[in-house]
Amino acid sequence: MKRARLAVLVSGRGRNLRALQAACAVGHIAADPVLVVSNDATAPALEFARQCGIPALALEHTAYASRPAFDAALATALRAVQPDIVALAGFMRVLGAAFVTEFEGRLLNIHPSLLPKYPGLHTHRRALTAGDHEHGATVHFVTAELDGGPRILQGVVAVKPDDDEDRLAARVLEDVELKIYPQVVAWMARGELRCLAGQAMFRGAPLAAPLGLDALEETFR
Ligand code: GRF
């Protein structure tokens, strides 16, 4: 089976990118990273991509007159590599409807909350402030609605009494994000997961609710 072509959009440290790259490198994901794009030229994720020999592109959003202009440049860069999957991994830009329409069905995002709770920013702080006993992360298809696309896989962690924002964020990242993202991309690369008319389809059946950590294959636990 032809290996999928994976593009990854980043803005920061790239811990999710590293997990995706490693899973591709050992064959846990039947995909090849073909491009990493960051809207911040100083993102450590870009340097990591270069060290791995993955084409790495900085598209500084400040260099573009408008959001549509940035989105158009990003679309042009992606079109050139013909990605089967575009994974937003710590990517901190909101993408416009025209961009999403062009790549919809191939666009994934990981968000550090149990969506639909806490779309947007500062999710760990909001969970702590609310006194939540559980928190986590969600991988979803990207649609024009910010953090609102069909949810695919979620992982839950307990909030501990001595948690602060950093401690909780680190646990969500380590215990959930770095497992669920490679798993979802692996399912996509195998053709087991699709987005059809705004609905996540997993192994031929619609996903009415996101899967949980119990759905993780041994490889990704
Ligand atoms: C992660 O918490 C991710 O969920 C969010 O951005 C944070 C940084 O991700 N979208 P990374 O280290 O750049 O992958």
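Among what's in the stretch 170-187 and is in contact with a helix residue (DSSP H, G or I) (Cβ under 6 Å, 6 or more places away or on another chain) and open to solvent by 30 Å² or more (accessible area, probe 1.4 Å), pick the residue that is nearest to residue 215 (Cα to Cα). Step by step, filter the stretch 170-187, then rank; the result is 179.
Annotation: of all residues in the stretch 135-164 being in a loop (DSSP other than H, G, I, E, B) and in contact with a Gly (Cβ under 9 Å, 6 or more places away or on another chain), the one that is most open to solvent (accessible area, probe 1.4 Å) is 146.
Here is a yes/no grid of residues against (1) near the ligand (Cβ under 9 Å from one of its atoms); (2) open to solvent by less than 10 Å² (accessible area, probe 1.4 Å):
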{"residue": "6", "(1), (2)": "no, yes"}
{"residue": "26", "(1), (2)": "no, no"}
{"residue": "30", "(1), (2)": "no, no"}
{"residue": "40", "(1), (2)": "no, no"}
{"residue": "43", "(1), (2)": "yes, yes"}
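Out of curiosity, is residue 20 within 19 Å of residue 107 (Cβ to Cβ) and in contact (Cβ under 8 Å) with a residue 60 or more places away in the chain? Answer is yes for this residue. Report, by residue number, each residue of the stretch 8-24 that is within 6 Å of the ligand (Cβ to nearest atom) and open to solvent by 40 Å² or more (accessible area, probe 1.4 Å). Within the stretch 8-24, 13, 15 meet the criteria.
Yes/no per residue for (1) open to solvent by less than 10 Å² (accessible area, probe 1.4 Å); (2) at pLDDT 95 or above; (3) closer than 18 Å to residue 142 by Cβ; (4) not aromatic (Phe, Trp, Tyr):
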| position | (1), (2), (3), (4) |
| --- | --- |
| 37 | yes, yes, yes, yes |
| 79 | no, yes, yes, yes |
| 91 | no, yes, yes, no |
| 98 | no, yes, yes, yes |
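The condition (being within 18 Å of residue 29 (Cβ to Cβ), open to solvent by 50 Å² or more (accessible area, probe 1.4 Å) and under 16 Å from the mean Cα position of the chain (by Cα)) is satisfied by just one residue among 190, 194: 194.
The selection criterion, being part of a loop (DSSP other than H, G, I, E, B), modelled with pLDDT of 95 or more and farther than 21 Å from residue 147 by Cβ, does not hold for residue 33.
If the condition is being within 16 Å of residue 7 (Cα to Cα) and surrounded by fewer than 18 Cβ atoms within 10 Å (Cβ to Cβ), then the stretch 52-71 contributes 52, 53, 55, 58. Take the stretch 112-138 and flag every residue that is within 11 Å of the ligand (Cβ to nearest atom) and touching a His at 6+ places or on another chain (Cβ under 8 Å). Answer for the stretch 112-138, where residues must be within 11 Å of the ligand (Cβ to nearest atom) and touching a His at 6+ places or on another chain (Cβ under 8 Å): 112, 113, 123, 124, 137, 138.
Of all the listed residues (194, 167, 171), the sole one being among the basic types (Lys, Arg) and assigned to a strand (DSSP E or B) is 194. Within the stretch 57-102, restricting attention to residues that are farther than 26 Å from residue 192 by Cα, part of a loop (DSSP other than H, G, I, E, B) and touching a residue at least 12 places away in the same chain (Cβ under 8 Å), the residue that is nearest to the chain's Cα centre (by Cα) is 92.
Reported count of residues in the stretch 103-134, each being open to solvent by 70 Å² or more (accessible area, probe 1.4 Å) and either farther than 17 Å from residue 77 by Cα or in a helix (DSSP H, G or I) (or both), is 9.
Out of 58, 69, 97, 25, which single residue is of a type in the set (Gly, Ala, Ser) and in contact with a strand residue (DSSP E or B) (Cβ under 8 Å, 6 or more places away or on another chain)? Of the residues listed, the single one that is of a type in the set (Gly, Ala, Ser) and in contact with a strand residue (DSSP E or B) (Cβ under 8 Å, 6 or more places away or on another chain) is 58.
The values are calculated or read from the model by the stated rules, or taken from the named source; none is laboratory data. Treat the numbers as computed from the prediction; the structure is a model and nothing was measured. Because the Cβ atoms are built from the backbone with ideal geometry, glycine has one as well, and the counts that use them run over all protein chains shown. To get the accessible areas, we keep the full protein, side chains included, count just its heavy atoms, and leave off ligands, DNA and RNA. Shrake-Rupley method; radii C 1.70, N 1.55, O 1.52, S 1.80 Å.
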